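The values are calculated or read from the model by the stated rules, or taken from the named source; none is laboratory data. Nothing here was measured: the structure is a model prediction, and the numbers come from that model. Quick reminder, even Gly has a Cβ in these numbers, built from the backbone with ideal geometry, and neighbours come from all protein chains shown. These area figures cover heavy atoms from the full protein model, side chains too; ligands, DNA and RNA do not enter into them. Shrake-Rupley method; radii C 1.70, N 1.55, O 1.52, S 1.80 Å.
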Amino acid sequence: MAPIHKNPIQHLLHPNHSLTLFDSNTKYVCDGCKTLGIGKRFNCSECDFDLHEYCGTCPMNLSSFLHPYHSLKLVTRMPHGNRQLDRICNVCCDSIEGLFYRCKTCEFDVHPLCTLLPQTLRHVLHEEHPLRLLSSSESRTCVICKGACNAFSWRYRCALCDFDIHMECMLVQCKKQKTWLGISKYVPPSIFPKTFQYFEYEFPYSNHNHNDMSHPHPQHQCTDHGTTSRRIGKVIFVIVKIVTTALILGL
């Protein structure tokens, strides 16, 4: 790993040693939020302790469009043996195992990295309006994969046009083709990819073609989550790639 010349930081999760920012294309597990990471990380070489760059510097209190009603507080999950409830991220639907933001009043929980998702993005299939990241109370169909955007799940959406795309489907490359009038337009792929690429690593897409609404409590309305199909880290890579793409393209 190559060190980046920035001042070391102190972090409440690792108080005995300072952490140095490194850059590497290898995968690691963040010792803060307990999800996978790749690239930059804060590291303690003595203890083999790693933090996502954002998990190392995120504020103790956060105001976010994801939950505009109250400020979110940075907290840490108790060890497995001391837990009373399982928690899932209200945005990406992955399990929460470590550091996370919480609104105790509303029972709203979110991974630190999920708070980095852009509020609006543009997409070639809907150039008329920007798409807004939101949770809708209605079930819709993703225009990319044709799977269900279940009620209360987060997606990029144009409410004016009833246009919805799953977060991870925002990364699917659409094809450009000409109509019979010779006009070029973008269309979703005819064969939906089974994996997406991030650096040299491949990760499977989720199967969105189901409608399990068996958990009425808001904490359990992330219907893509399940013990037989854990997505920890994979969705985080989706989020990182969306954020990186948005920054590069200025979306």
What is the residue count in the range 88-136 for residues that are open to solvent by 10 Å² or more (accessible area, probe 1.4 Å), part of a loop (DSSP other than H, G, I, E, B), touching a Lys or Arg at 6+ places or on another chain (Cβ under 7 Å) and more than 30 Å from TYR186 (Cα to Cα)? 1
Index of the failed condition, CYS33 passing every other in (1) within 24 Å of LEU171 (Cα to Cα); (2) in a helix (DSSP H, G or I): (2)
Inside the range 139-160, the number of residues satisfying the requirement of being within 16 Å of ASN90 (Cα to Cα) and modelled with pLDDT under 90 is 5
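Out of all the residues in the range 40-50, is one or more closer than 21 Å to ARG155 by Cα and open to solvent by less than 20 Å² (accessible area, probe 1.4 Å)? Give the steps one after another, and end with the answer.
The first filter runs over the range 40-50 and keeps only residues closer than 21 Å to ARG155 by Cα, leaving none.
There is no residue in the range 40-50 that is closer than 21 Å to ARG155 by Cα and open to solvent by less than 20 Å² (accessible area, probe 1.4 Å).
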Under 8 Å between Cβ atoms, which residue pairs at least 6 apart in sequence (or on different chains) link something in the range 53-68 that is within 18 Å of LYS104 (Cβ to Cβ) with a partner that is open to solvent by 50 Å² or more (accessible area, probe 1.4 Å) and assigned to a loop (DSSP other than H, G, I, E, B)? ASN61/SER71; LEU62/SER71; SER63/SER71; HIS67/CYS106
ALA148 passes all but one of (1) open to solvent by 30 Å² or more (accessible area, probe 1.4 Å); (2) touching a residue at least 24 places away in the same chain (Cβ under 8 Å); which number fails? (1)
In contact with a helix residue (DSSP H, G or I) (Cβ under 6 Å, 6 or more places away or on another chain) and open to solvent by 10 Å² or more (accessible area, probe 1.4 Å): is that true of LYS73 in this structure? no
Could you give me the residue pairs with C-beta distances under 6 Å whose first residue belongs to the range 1-19 and is open to solvent by 90 Å² or more (accessible area, probe 1.4 Å), whose second residue is modelled with pLDDT of 85 or more and not in a loop (DSSP other than H, G, I, E, B) wherever it lies, and which are 6+ apart or on separate chains? MET1/PHE22; LYS6/LEU21; GLN10/SER18
Tell me which residues, restricted to the range 155-183, are open to solvent by less than 60 Å² (accessible area, probe 1.4 Å) and assigned to a strand (DSSP E or B). ARG155, TYR156, ARG157, CYS158, PHE163, ASP164, ILE165, HIS166
Is there a residue in the range 78-85 that is small (Gly, Ala, Ser) and surrounded by fewer than 17 Cβ atoms within 10 Å (Cβ to Cβ)? yes
Here are PHE65, PHE152: which of them is part of a loop (DSSP other than H, G, I, E, B), of a type in the set (A, V, I, L, M, F, W, C) and closer than 28 Å to TYR186 by Cβ? PHE65
